[in-house]
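The values are calculated or read from the model by the stated rules, or taken from the named source; none is laboratory data. From a predicted model like this one, the values you see are computed outputs, not experimental measurements. Neighbour counts run over all protein chains shown; Cβ positions are idealised from the backbone, glycine included. Protein only, heavy atoms only, side chains kept; ligands, DNA and RNA dropped before computing areas. Shrake-Rupley method; radii C 1.70, N 1.55, O 1.52, S 1.80 Å.
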Protein chains: 2
Amino acid sequence: MAITSPRAALKRAELAGRLGCNLETIRYYERIELLPEPARTASGHRLYSNEDQVRLRFILRARSLGFSVEDVRSLLGINDGRPSCAEVRALAEAHRGDIRKRIADLKQMDRRLGEIMAGCTGAETPDCALTDKLFEDS
Amino acid sequence: MAITSPRAALKRAELAGRLGCNLETIRYYERIELLPEPARTASGHRLYSNEDQVRLRFILRARSLGFSVEDVRSLLGINDGRPSCAEVRALAEAHRGDIRKRIADLKQMDRRLGEIMAGCTGAETPDCALTDKLFEDS
DNA sequence: ACTTGTGTCTGTACCAACTACAGAGCGTAA
DNA sequence: TTACGCTCTGTAGTTGGTACAGACACAAGT
C-alpha cells in the first residue's frame, strides 16, 4: 500500500517514474519556474510532496496536449494571476487553431510529396524523378 | 534583361531575394556545408553562380517538403555519394511516414483537446472545467 | 575628395523544450 | 568499510535557423 501512496514524499527519480517523464525534465521545470523549489533533505536531495506531483501532472498533460510552456505558465496563473475560464478558453481555442494549421500544413506537404514522388520508381538507377523535380527551374 | 538573367553572379541578398529565403539562411547552409563556399570578390563579398542558385533552390524545396537537413544532405549525396533512385525513394517513403505520424498525433491532440474543452464554457468565472480536468487524478 | 547611406563581412548569442553528461557528494546493503 | 547507485551542480548539445554588434566595402551625391 505504502508503495503507491500518493502522500509519501518522493525523490526525483520516483516522481519521474510515476508520471512517466524524464528525470531531468523535472529539474528543468524547476529552473524555468513552472515547478516551485521542492523541500530538501538535510543533505540537499529534493523531496516532492503530493501537491508537487499534482502540479507536475498538470504541466505534463498540458504539454502533451501541445500547449507551449508559456501557455502552461498562463494556465497555472504564473503570468497574470489565475486565469478566468474565458481566458483559458481563449488560450485553448487559439491553440486548437494552431494545431489545425499545423495539420493542414502537414497534409499539404504530404500531398506535394506524393506528387513529386510520382515517377520515382525506386529502380536501381542513379537518375531519380524526385531529385530531378527538386532541381527543376521554378 | 540582364536584371533577371540567371547567369549573373549574385550577391547574398540578391540570391535570398530571388529564392525567398532569409539572408542569413544562406550563410548558415554554407556553414553546415550544404552549400559550397562561393566565389568572392577581391574584398571578400560572396558571389553566387547559377549553379549555386540551383543547389540552394533544391535545398529550400526539400526543406519546404519537410525533409530534415540530414535528409537533404543525403539527397545531395554529401553523406555517401549520390544516392540511387531506390535510396531516394526509401528516404521519401520514410519521411512521408513521419509526416503521417505527426498528422495522426496532432489529430489526436485536437480530439483530446476537444474532449477536455467540453464544459469549459468561457463564463467569466475562475472555475474552469478545462483546468480542472488537467488537475484531476490519473 | 569627401561624406553619407547602405550592403556585406565576421563571430557570436538567442529561440523552444528539453536531454545528456562530468565530477562531486550522499545513502545504504553486504 | 567499501562498493554501488542515486543525487547534486553546472554546463553543453540538440534542430534549424534568426539576429545582432562592430568592422569594412561600395556607390551616389556634393
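Odds and ends about this structure:
- Positions within region B:48-63 being within 11 Å of DNA strand D (Cβ to nearest atom) and more than 7 Å from chain A (Cβ to nearest Cβ), in sequence order: B:Ile59, B:Leu60, B:Arg63
- Test: residue in region A:65-83 that is more than 9 Å from chain B (Cβ to nearest Cβ), open to solvent by 50 Å² or more (accessible area, probe 1.4 Å) and more than 16 Å from B:Cys128 (Cβ to Cβ): yes
- Selection of first residues in region A:34-58 that are over 21 Å from A:Ser68 (Cβ atoms) and of second residues that are acidic (Asp, Glu), restricted to Cβ pairs under 6 Å at least 6 apart or on distinct chains, gives the following pairs, ordered by first then second residue: A:Pro38/A:Asp52.
- On the stretch given as region B:123-138, residues that are part of a helix (DSSP H, G or I) and within 7 Å of chain A (Cβ to nearest Cβ) total 4.
- Check on B:Leu113, over 30 Å from A:Glu136 (Cα atoms), facing chain A (nearest Cβ under 8 Å) and open to solvent by less than 40 Å² (accessible area, probe 1.4 Å): yes
- Of all residue pairs spaced 6 or more apart or on separate chains, those with beta-carbon atoms under 7 Å, a first member in region B:95-112 that is over 12 Å from B:Gly66 (Cβ atoms) and a second member that is surrounded by 13 or more Cβ atoms within 10 Å (Cβ to Cβ) and among the charged types (D, E, K, R) are B:Leu106/A:Arg102; B:Asp110/A:Arg96; B:Asp110/A:Arg100.
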